[in-house]
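*Asks:* Encoded as structure tokens, here's the structure I'll be asking about.
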Amino acid sequence: MSRRRGLLQFDRFPRIDRGRAATFLLAAVAAAVSLVVAARLFPYHSLNHDEGVYLQQAELLLRGRLFLRPPVEDAFRPWFFVEGDDGLYAKYAPLPAAVFAVGKLAGGFPLALAAVSAAVAGLTTALGRELFDAPTGAVAGLLLLASPLFLVHTGVYLPYATTTALNLAFALAYLRAERRGSLPAAVAAGIAVGLAFFARPFTAVLFAAPFVAHACWTLVRSGAWRTVVEGTDGERRALFTRRAATAALGLAGVAVAFGYNWVVTGDPLVFPYQAFGPEDGPGFGHRELLGHEVDYTLSLATRANAEVLFRLFENWVAAGPVGTALAALGTAELLRNRDGEHAARRALLAALFVTVPLGNLAFWGNYNVLGSLASQTDGLLYFLGPYYHFDLLVPTAVFGARGAFLAGDRVRRTVRERLSPVRARRVTLAVMVVSAAALGGIAATTADGPLERNDRVSDELTAGYEPFAEGGAPDDALVFLPTPYGPWLNHPFQALRNAPGYDGETVYALGDTDELAVAGEFPNRTIHRYVYRGSWPPTDDERVDAELVRVERVSGDTVGLDATFGLPAEAERATLRVSTSRGAAYFVANGTPESLRTSVTADERIELSGPDVRSTGNRTVAFGDSDEVTVEVFVSTGPASGFTYRAVFPVERENGTVRTLSPTLERCVVPTQCEPVGVGESPDGTFANATLSNATA
């Protein structure tokens, strides 16, 4: 009796390719890790404010635009945007931003991070399999996932992981094209390297250099180059065709990059970063960016890059020094067996240990990420790692995986030589289990430091952004932001970005910069001023107290500001000063009452008065058609001690009508250390409040 087959005939399905299964599994894990890291570790982004640049650029691309055109020029310039003839454009190439934009279209920016992370992990695993075998590829993927540099960058909107994904796609396609003689793979390699150049030209060149050298050498050695001038046999013609396809498409990416330069900078050979900072690119000598400058000599470059590489292999690869030692073991095997069957292919990946560090000598950014060369806890590197060397994670993981298997083979051989087969298997298994556990523990400890540091930073940022959490700024609001790092939006407040058309739920503008002009552009929005008390840099373990303060608009023939300033019990005297761009007037207080009441009126001139205030000269000050009024009250509490209240508000006069906005109110221990009054805890007896009024004839 024959057995009847069921409807599901499992023998029809091929056996699962374990190597591919590992690739997809590790890619899926990387994607999940990315979503967690982005949401939990970087809810308000990282210390690198370039994230805001790429996300602003992505939002521009989603609107089909390359330029921002702010309604008031000086009040809306974002960090690292360049002023051009057609508007403001980003300092960076748009390809990474385009990747983030696709993620937004798919459901949210974090999806782009997840896709990039999955691509880097999956391609690293596939590359390890291509050069060695499936188990080596799987372990390479695990080592990549355990690398702190990879873990941190799965959650940040920076271009390094994206560029590495493109570089890996190029390398894998190139190697498969060589092994299979595949023209489609050669085409894919050309597309990938062209896109990598468009994303980060210098990084792409350093990665592609060994492969380009190999391509040229094989063309010459095989005689395939003669295809240009004479006929050749089929194999050499196929080689030439593959090389031509890769080169042509790679150069097409270069042409696209030059074309983009032409559109935004007006010169195909001037990249946007050069337009922003002409001395900010690769090279030696005088380097400068926004007032930060250095004589970048070869000696300084060598010191800085040696420090960067040391920290990379000590703290930012999987298991730190242990993972580095395994990678060294795997690379040493390649050097010992240079004539092996796959040695040339593996050497292309190993060559990155040379081209990436040597090329980065010429980039002063590696000096900047260190902060102070004398401190290991300074600079962006301490928090985000040596990201200009991100590509080195791949050969470190692949050769580290190879080194792990070599070490395991050495253990097995040693045990077999000294023990019986049964005991040898038991001892080998025990050693492998203990070694894997130890390696995992070391890797976890290595990763814990960077993750914890960034978590503390995010805790401080969360406190700073608390007013913008649920229930914060209302819809249709205009918010003036402080400028602790200079006249830039998104620096440091990169989570507070404007929609490209300045038509989002909230519009953000620089405080104390053409505030009346900005308010005039948005007449129907409520106005708020974001203020905070404390030290903003989120690396000092000092949280800020922040608030959104409502700002009123007032206009009339005359506008007035009624202000009251608290004088503490230890106050000995108080002096006042009211000033504009046209001059200043001085006053003194009659004694030291508990509170000092003043009135400032603006019609034809600015006048200050009060029941306990008398003038030491002129009582009024002239002001321009568009000006800023500053009222300062210096409270002396001793021979060499005291503080100053400061109230600043804009005024504008047009056709007999004066307009103003609610003032900023600050208390300054010294002129450069001012904090908003009424936010957080204030010293006893100190307070300030102000109300606006108007009068129309």
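Where a number appears in this text, it was derived from the coordinates with a stated rule and is not lab data. All values derive from a computational prediction rather than experimental measurement. Don't worry about glycine lacking a Cβ; one is built from the backbone with ideal geometry, like all the others, and counts go over all protein chains shown.
*Asks:* State, as an integer percentage, the relative contact order of region 466-551 based on alpha-carbon contacts under 8 Å between residues 6 or more apart.
*Replies:* Values: 126 pairs, mean separation 28.7, N = 86.
Relative contact order for region 466-551 comes out at 33 percent.
*Asks:* Just one of (1) 0.96; (2) 1.93; (3) 1.20 is Cα Rg over 2.2 N^0.38 Å calculated from these coordinates, so which is it?
*Replies:* After the calculation, the listed value that fits is (3).
*Asks:* Further question on the same structure: I'd like to compare 182-195, 159-172, 626-639: which one has the highest average count of other Cβ atoms within 10 Å, and what's the full order after that? Numbers along the way, then the final one.
*Replies:* Working: 182-195: 22.4, 159-172: 25.8, 626-639: 17.6.
So the order, starting with the most tightly packed, is 159-172, 182-195, 626-639.
*Asks:* Counting only helical runs of four or more DSSP H residues, what would the 222 nm mean residue ellipticity of the chain come to if each run contributes -39,500 (n - 2.57) and the total is spread over all its residues?
*Replies:* It comes out at -15000 deg cm²/dmol, rounded to the nearest 500.
*Asks:* Going by a 4.7 Å Cβ-Cβ cut-off, which cysteines of the chain have no partner at all?
*Replies:* Within the chain, the cysteines lacking a partner Cβ under 4.7 Å are Cys216.
*Asks:* Same structure again: For Thr564, Thr355, what's the fewest-to-most ordering of other Cβ within 10 Å of each Cβ?
*Replies:* Sorted ascending by nearby Cβ count, the order is Thr564, Thr355.
*Asks:* Obtain the radius of gyration and the Kirkwood radius of region 92-175 from its C-alpha atoms and give Rg over Rh.
*Replies:* Looking at region 92-175, the ratio lands at 1.00.
*Asks:* Sorted by packing (mean other beta-carbon atoms within 10 Å per residue), highest first, where do 681-694, 238-251 land?
*Replies:* 238-251, 681-694
*Asks:* Short version: ³J(HN,Hα) in whole Hz for each residue of region 552-569, in order, from phi by Karplus 6.51 cos²θ - 1.76 cosθ + 1.60 (θ = phi - 60°), x for Gly and Pro, what are they?
*Replies:* Calculated HN-Hα couplings, in order: 9, 9, 9, 8, x, 4, 9, 10, x, 10, 9, 10, 10, 10, x, 10, x, 4 Hz.
*Asks:* Over region 553-695, what portion of Cα pair distances is larger than 26 Å, expressed as a whole percent?
*Replies:* 21
*Asks:* Filter the GluC sites (Glu not before Pro) in region 491-545 down to the DSSP loop ones having no more than 14 other Cβ atoms within 10 Å, then list what survives.
*Replies:* Glu505, Glu542
*Asks:* Now for a different question. For region 557-611, max minus min Cα coordinate along each principal axis, in Å, sorted largest first?
*Replies:* 38, 20, 14
*Asks:* Another question about this same structure. Pairing the Cα long axis of helix 18-36 with the longest principal axis of the chain, what angle in degrees results, from 0 to 90 and rounded to the nearest 10?
*Replies:* The answer is roughly 10 degrees.
*Asks:* Within 14 Å, Cβ to Cβ, of Leu127, how many net charges do the neighbouring residues add up to if Lys/Arg are +1 and Asp/Glu are -1?
*Replies:* Once all neighbours under 14 Å are counted, the net charge is +3.
*Asks:* While we're here: As I understand it, the dipole of the chain uses +1 on the Cβ of Lys and Arg and -1 on the Cβ of Asp and Glu, about the Cα centre. Which of Val554, Thr462, Gly685 lies farthest toward its positive end?
*Replies:* The one lying farthest along the dipole's positive direction is Thr462.
*Asks:* Give a residue-ordered list of calculated ³J(HN,Hα) values for region 389-401 (Karplus: 6.51 cos²θ - 1.76 cosθ + 1.60, θ = phi - 60°; whole Hz; x for Gly, Pro).
*Replies:* My calculation for region 389-401 gives 10, 4, 4, 5, 4, 5, x, 5, 5, 5, 6, x, 4 Hz in order.
*Asks:* Given Cα pairs under 8 Å that are at least 6 residues apart, what percent is the relative contact order of region 553-695?
*Replies:* 31
*Asks:* Once the dipole of the chain is set up with Lys and Arg at +1 and Asp and Glu at -1 on Cβ about the Cα centre, which of Pro450, Ala75, Ala21 lies farthest towards its positive end?
*Replies:* Most positive-ward Cα: Ala21.
*Asks:* Also: For region 279-308 and region 512-550, compute the distance between their C-alpha centroids and round to whole Å.
*Replies:* 35
*Asks:* Still on this model: Counting pairs of alpha carbon atoms under 8 Å apart in space and at least six apart in sequence, what relative contact order in percent does the chain give?
*Replies:* Here the relative contact order equals 12 percent.
*Asks:* Among Tyr382, Tyr465, what is the fewest-to-most ranking by other Cβ atoms within 10 Å?
*Replies:* Tyr465, Tyr382
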